[in-house]
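Asker: Sharing a structure with you now.
The values are calculated or read from the model by the stated rules, or taken from the named source; none is laboratory data. All of these numbers come straight from a predicted model, not from anything done at the bench. Because the Cβ atoms are built from the backbone with ideal geometry, glycine has one as well, and the counts that use them run over all protein chains shown.
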Amino acid sequence: MANSTTSKEFSTAAQADCLKLIEMAITEDIGASDLDAGVDCTTDSIVPKQAAARAAFVSRADGVVCGVEIAKLAIERWAPKLKLEVQVEDGQAIAPKQTIAVMVGPAHDILTMERTCLNFMCRLSGISTLTSQYAAEIVGTGACVLDTRKTTPGWRRLEKYAVACGGGENHRMGLYDAIMLKDNHLAFYRSLVEDNDDTIPTTIKIARDWINDNAAKLPNGKNTILQLEVDTLEQLEIALATDCDIILLDNMGCDRLKKGVALRNEKAPRILLEASGGVNLKTIGEIAKTGVERISVGALTHSAVNFDIGLDWEIAG
């Protein structure tokens, strides 16, 4: 069983999502999905169509870049007269005043495409930079930092790509590719058992049987991950006797996490443990030292601040 589904590859599925988002972004700006059909009042009024220029995407801070691949797509599809000279690829560290890429070609198209490209690059570089900071705090511990489904609607594949670029790993992509039994799922099944202690074993068995029966339509077949969330050590002990793959220890302090790891090591060393809740840059290091293999952090995507990148005019062509 794989630990994660992480890949820094800008997948075909991510590209397809990206093209839809870029088209929406351009339409928001110029009132059409085609640069020739749309209107950029400011640029149209003062910039001749034949004027040439160079303009550079420049970092204003230390971080990890992400979004260059999106800028490539945007320019290739919507502004093919422009050339993008890439100097820093996605996933690479950048410093203040460092040039990431340069747009060369019609000044009119550079100015019209500027904000669309920057919006993607700044948002995704913010995520990759924040992820890199979390990852740096747990180097050498054996733990990994993972994202969650707390993503911007429509942006999930792009934001998870940014997490991977920052050195993090990806949790399940969506509801379709893994099972994660949470407290509300268990609450439902409590009504079906006579003894509350049977809730977790019953739920796990039903879920595992469902995976086996429906393997043909699942992306990962019979290898579909089965994960369970618990919030007490008593629940953990019961879960360790089941056929689950990963157990998420929700909102447990480091002392309880250490006890949970010791219990797992004794009873079911094959099962991976994941910590979640109360994780920030100040706490993740100590959490990783407890021995859990996985630490999920919703803040990677829902609380990342846009990275500061500017477009600096270089020369007139």
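Asker: Quickly run through the range 42-87 and pick out the residues that are assigned to a strand (DSSP E or B) and of a type in the set (Val, Ile, Thr).
Answerer: Answer for the range 42-87, where residues must be assigned to a strand (DSSP E or B) and of a type in the set (Val, Ile, Thr): 58, 64, 86.
Asker: Taking the options 142, 105, name whichever one is over 23 Å from residue 24 (Cβ atoms), in the same structural domain as residue 43 (by TED's automatic domain parsing) and touching a Gly at 6+ places or on another chain (Cβ under 9 Å).
Answerer: Answer to the selection: 105.
Asker: Further question: Among residues belonging to the range 91-122 that are surrounded by 19 or more Cβ atoms within 10 Å (Cβ to Cβ) and hydroxyl-bearing (Ser, Thr, Tyr), point out the one that is farthest from residue 160 (Cα to Cα).
Answerer: Step by step, filter the range 91-122, then rank; the result is 112.
Asker: Okay, moving on. Would you mention how many residues in the range 55-90 are in contact with a strand residue (DSSP E or B) (Cβ under 9 Å, 6 or more places away or on another chain), among the acidic types (Asp, Glu) and buried (at least 19 other Cβ atoms within 10 Å of the Cβ)?
Answerer: The number of residues fulfilling the criteria is 1.
Asker: What are the residues in the range 280-305 that are assigned to a helix (DSSP H, G or I) and over 13 Å from residue 152 (Cα atoms), if any?
Answerer: 284, 285, 286, 287, 288
Asker: Hey, among 314, 286, 293, which residue is touching a helix residue (DSSP H, G or I) at 6+ places or on another chain (Cβ under 7 Å), of a type in the set (Asp, Glu) and touching a residue at least 24 places away in the same chain (Cβ under 8 Å)? Break it down stepwise before answering.
Answerer: On the way: 314 fails: touching a helix residue (DSSP H, G or I) at 6+ places or on another chain (Cβ under 7 Å); 293 fails: touching a helix residue (DSSP H, G or I) at 6+ places or on another chain (Cβ under 7 Å).
After ruling out the rest, the residue left standing is 286.
Asker: Something else about it: Under 27 Å from residue 174 (Cα atoms) and buried (at least 18 other Cβ atoms within 10 Å of the Cβ) - does that describe any residue in the range 208-217?
Answerer: Scanning the range 208-217, I find at least one residue that is under 27 Å from residue 174 (Cα atoms) and buried (at least 18 other Cβ atoms within 10 Å of the Cβ), so the answer is yes.
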